[in-house]
There are 2 protein chains.
Amino acid sequence: MLSVRSLIRSGRVLKNVRGLVATSTRLNSTVVEPVVVEPVTVTPVAPVTPGTPNPQPRGKRRLLWVFSALVGGAIVYYLVKEDDDVYVDGKQTGYPKKPRVVILGSGWAALSMVRDIDPNLYEVVVVSPRNYFLFTPLLPSVTVGTLDSKSVMEPIRKYCKRTNTPTQYYEAMATDVDFDAQKVICKDVNHLNNNEVTTFELPYDHLVVSVGAINNTFGTPGVYENCFFLKEMEDATLIRRRILDVFETANLPAQTEAERRRLLSFVVVGGGPNGVEFAAELSDFLREDLKKWYPHLIKDVKVTILELMDHILNTYDRQINSEKVFKRENIDIRTNHQVTAVSPDGIVVRPVIKGATTPQPTQTIPFGLCVWSTGIGIHPLSNLIREKLKPNEIQTNRRALITDQYLSLKGAKNVYALGDCATITPELMIKRLEDLFKEADANGDNKLQLDEFRRFVNLQLPNYPQLEEYGKRAEELFLEADADKAGSITLDQFRTIVQKVDSKMKILPATAQVASQQGAYLAKRLNALSENKDAAYPPFKYRHLGSFAYIGADEAVAELTNPWIEKYVLQGYGAWWLWRSVYLSKQFSMKNKLLVGGDWVKTELFGRDITRN
Amino acid sequence: MLSVRSLIRSGRVLKNVRGLVATSTRLNSTVVEPVVVEPVTVTPVAPVTPGTPNPQPRGKRRLLWVFSALVGGAIVYYLVKEDDDVYVDGKQTGYPKKPRVVILGSGWAALSMVRDIDPNLYEVVVVSPRNYFLFTPLLPSVTVGTLDSKSVMEPIRKYCKRTNTPTQYYEAMATDVDFDAQKVICKDVNHLNNNEVTTFELPYDHLVVSVGAINNTFGTPGVYENCFFLKEMEDATLIRRRILDVFETANLPAQTEAERRRLLSFVVVGGGPNGVEFAAELSDFLREDLKKWYPHLIKDVKVTILELMDHILNTYDRQINSEKVFKRENIDIRTNHQVTAVSPDGIVVRPVIKGATTPQPTQTIPFGLCVWSTGIGIHPLSNLIREKLKPNEIQTNRRALITDQYLSLKGAKNVYALGDCATITPELMIKRLEDLFKEADANGDNKLQLDEFRRFVNLQLPNYPQLEEYGKRAEELFLEADADKAGSITLDQFRTIVQKVDSKMKILPATAQVASQQGAYLAKRLNALSENKDAAYPPFKYRHLGSFAYIGADEAVAELTNPWIEKYVLQGYGAWWLWRSVYLSKQFSMKNKLLVGGDWVKTELFGRDITRN
């Protein structure tokens, strides 16, 4: 019971710290002002006679207070100051018009672009139906409540910088692009105008398409109706709710044994990092929390991972024996299994056996929750753009937009595509085989000598990134082709070289790392372009820094690369610490760093929440 | 860019604290074990020769470390130990059957009941479609993100105590009660069985109906279709999303001036604490956050509070001039306004003028968000129960279930109703007027003398709580009725007294405080009843501790009562600190105390989030 006296007392006590709070409130509301520490009258210190110890302990203590206040103020100011460039003043008149860059999307590529482009050179407009950036690699943690949703989200407006022409953000979806008139057609996504859809057009000077991708069901029937995806925040929220619903429903007294087992069967389709990390988080949730809350149900829980290939996490180095590392209680990993259909009764799978002449019989796995995480498909806008540019016979990839190595969309002018919606496809050298040979043949003898060949490689490297791998091994290539030891190569021998090099073209994976680097690259390229239109700018070059996958029970697998060590593989508890440190440091704002760290501590102390909201 | 060397370095550094974390992890997972601090070998301290200062500074420092570790460990243990009674072991055999108490609901009354009832005396079963308890007084703070939703929720299972017959919780909705067979009919709310609804029956020995209430629209057309409520967590989430949607939509380039103004018009119907607190939080959100993010829109924002009565916060003391206190930028308080209809085009209001013979013409206020917060109506289950007991002509209140002053549902056996769904209606004395008179008339002279009347008041006080107010003023009542100074009162004079006293019957407000006290009362009463069936137990007595309403801009109004001071009114900044301290201390778990406190600090430092999820 509450004593009124204690209330009043606590009210008084709290009033005393009013000054302190008033200061911090002011700090928060007036962002541009520097921290003003209230002037403290320091009594003049009397001259210290040697030999008299501590003549002015109070004065010293006061100085200590001032010092502490200054340090404290500086810390608060540091925490708060990142809001500096948040203000948008909306005044757009009286300045010379700057070229407008319209960025579609608010993911890794778009954010990285917005952060790095110079708003003094360009008027930047961001259009995305999602008004926040999502730190996708930590999304699996949100599905079970290890992290709170807000901790991995940041308002995109935070990065809308204030200049004479401030960066604009519109919560809308781009539905079409008019390449000739250079404008994007956008529509409102909220339908608050009595369900009428507001549309508007945005003219652009440069258009950046970074809309990402959608989930790919590979045409499997029943996926949309019966499965959950794990791509957006909404997906994570729905999965969390379903996990809790499934347990509460299984707990009802009227439930049959079979129905309980069905409800508590969790199926993950796809053994890539996303699927495996979800299964890992689920396994943690089961072992650390749900076991405690529903001890009588845990024996009926089963988690199944279905993977078409012969092992999970197959983008990782073979040094990592994923199945062995990722061995968890209740988790059943079924590799070489193809999903043929999904229905409310279960997921239909067919074992794939190499070399078998007749297809294996199918099995049906009943489930309470099925998470579909098999890969990505083309975004409707990307597909529309592709269709529009189709007559040029350049956009021939049905799964992504094709760009050159400068990230410019092929077949369009002043349009760029990056991130998951795009794929860099350099020109094939074979298309210009004879011209290349002629250009390389300096002495016109219809043969290429080693020095001619070396010159050719160095000259063409910027145009054909597939040559890069052979840059330092030009001689090796030459000697290999020059089978008859003639000291020179003919056109036919040159063709074998070109074919070999063309076939080595790498497609970058659809990861946050690639998208982020592409955004930064394009921003810097546009910045440079604005200052000197004719300057040559190097093509985009991806630097793989490493990949992580959390595998549950405070363990992770990590694959790191750097210029010195070719590949560095780590797994277990140390990799988990590394995973956490890297992802913490990779949070863009101090706020999210604190939130993510705080959530980890919270989960450690109190466990994961089971309230269904 | 990320340096791989720095990664590896941080991994190594972090490995060093592995021991520390391992300890805290163990603490978390094995809850019942006491904290084990790793034994530290303390080097034996050499005997200190007097005069030699600090001979063993290292040993002392080490002891300090051990001491710090012990204190730290104790703090962590204290934080974690509240999980002690969480375990549910599910073993129900081998013990004598205890009477079963079925509690319907998971609000204030239900939680308070679950916390206080002795699980060694009763088998407790909680049934509620909502698997968490919601700290409703802080719900308005969630609508704008001052607090996170998780901070004001607690899983009801947390309070399901572990004994030989552990407390059960079922996520289901009670749809019917069979009073004769003493059982509740429940249905599953999740529909995970291919959309088939699972139903089950729960026999009870005691049934506690604490299902709360629903929103009351008073039959106003268009409310459900066009307005938001503010009662459950879902409501708060939807309101938050709508506020952000409204701003983003108003920000679109194609928006007309009129449409922008419509979108940015926020209407709150009902000037009670809930409505006012929402308007206050909204005003904070506008002034502290949205103004920063949408500076060009803020001039078009308007908040209107509509109240039927002549002033807002009218349950508070008249000393608080609410309209004057709650004067905020952009907020328009319209008292004496009745809402007649709501449509997508706007809310139709009619000014109410006292004494006016013809009704005033209506006005239409367009809105982007309308929050309806006018009061509560009867819950469907309560209504069903009322209909079932109607033939007894006891459940005559169309807005709540009628109980006696012991919280027993009138007209049913072993059924109790508490919280918002119930109202205590003591018997009217007038019904037994002549019997009461006869019983009081000890000397049989058909008149009551003062001492007879005094005895009557004392005797009937437990049965008729309406007498309470006159308990110490029996003589005053007597003298007032004895107008002819006869020194005694006749039956007719007695009737005037009884009518006056009956009319003073107070109806308790539908607040968290009442519900909470009722739950605790009933739990203790049932505990006592179990030990001694025939013991007299005093009727429920409500003790009003005070009420708070947050009015924005770090100010609150508070009304406090206690036995010494009749009423204590406080408003402004001090009341706000008091409000925060009280609500923080009223959080049931240490976890939520930390979360709520953390959220307040977070909002102070970083502002409120504008990501839409």
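Here are a few things to note about the model shown:
- Per residue of B:244-250, other chain Cβ atoms within 10 Å of the residue Cβ number 5 on average.
- Modelled FRET efficiency - R0 22 Å, residue A:590 with residue B:593, Cβ distances, 0.05 increments: 0.35
- Prolate/oblate/rounded label for the range A:429-502 (Cα gyration tensor, a/c 1.5): rounded
- 5 angstrom amide H check on residue A:312, placed H, neighbours 5+ away: A:323
- Inter-copy label distances at residue A:353, using a point 7 Å along Cα-to-Cβ, come to 9.1 nm with the shortest given first.
- Extension gain, residue A:476-residue A:354: 0.36 nm per intervening residue step, less the Cα-Cα distance, totals 40.2 nm.
- Neighbour counts of C-beta atoms inside 10 Å place A:370, A:186 in the sequence A:370, A:186, starting with the fewest.
- In this assembly of identical copies, the label point of residue B:296 (Cα plus 7 Å along Cα-to-Cβ) is separated from its counterparts by 6.1 nm, sorted shortest first.
- Qualifying aspartates and glutamates (Cα of each under 16 Å from Cα of residue A:533; at least 8 residues distant if same chain): A:118, A:205
- Reachable lysines, given that their alpha-carbon falls under 17 Å from the alpha-carbon of residue B:299 and they are not under 8 places away in the same chain: A:91, B:291
- Three-way shape call for chain B based on the alpha-carbon gyration tensor, with the a/c threshold at 1.5: oblate
- Within the range B:97-216, antiparallel bridges make up roughly 55 percent of the DSSP beta bridges whose residues both belong there.
- Inter-label distance, nm, simple model (7 Å from Cα along the C-beta direction), residue B:224/residue A:398: 4.8 nm
- Taking the DSSP bridge list for the protein assembly as shown and keeping only pairs wholly inside it, about 55 percent are antiparallel.
- Separation of alpha-carbon centers, the range A:399-445 and the range B:300-334, rounded to whole Å: 67 Å
- Counting neighbouring beta carbons within 10 Å and listing from fewest to most, the residues B:285, A:228 come out as A:228, B:285.
- Pairs of Lys residues in the range B:429-503 are counted when their Cα atoms are under 17 angstrom apart and they lie 8 or more places apart or on different chains; the count is 4.
- Secondary structure note: in chain B, about 55% of the DSSP beta bridges are antiparallel.
- Förster radius 30 Å - calculated FRET efficiency between residue B:256 and residue A:232, Cβ distance, rounded to 0.05: 0.45
- Put the Cα centre of the range A:231-256 next to the Cα centre of the range B:478-548 and the gap is 46 Å.
- Shielding value for B:185-192 is 5, the average number of Cβ atoms from other chains within 10 Å of each residue's Cβ.
- Among A:152, B:127, a tally of other beta-carbon atoms within 10 Å of each Cβ gives an order, fewest to most, of B:127, A:152.
- Summary for residue B:241: label point 7 Å along Cα→Cβ; distances to the equivalent points in the other copies, ascending, 0.8 nm.
- Placing dummy labels 7 Å off each Cα toward the beta-carbon, the span from residue A:201 to residue B:332 is 3.7 nm.
- Mean per-residue shielding of peptide B:252-261 is 4, counting Cβ atoms of other chains within 10 Å of each Cβ.
- Three-way shape label, the range A:463-602, alpha-carbon gyration tensor, a/c 1.5: oblate
- Placing R0 at 30 angstrom, the Cβ-Cβ distance between residue A:458 and residue A:315 gives a FRET efficiency of 0.35 after rounding to 0.05.
Bear in mind these aren't lab numbers, they're just calculated from the coordinates by the rules spelled out. Just so it is clear, the model here is predicted, and its values are computed rather than measured. No Cβ is skipped: glycine too gets one built from the backbone with ideal geometry, and neighbour counts run over all protein chains shown.
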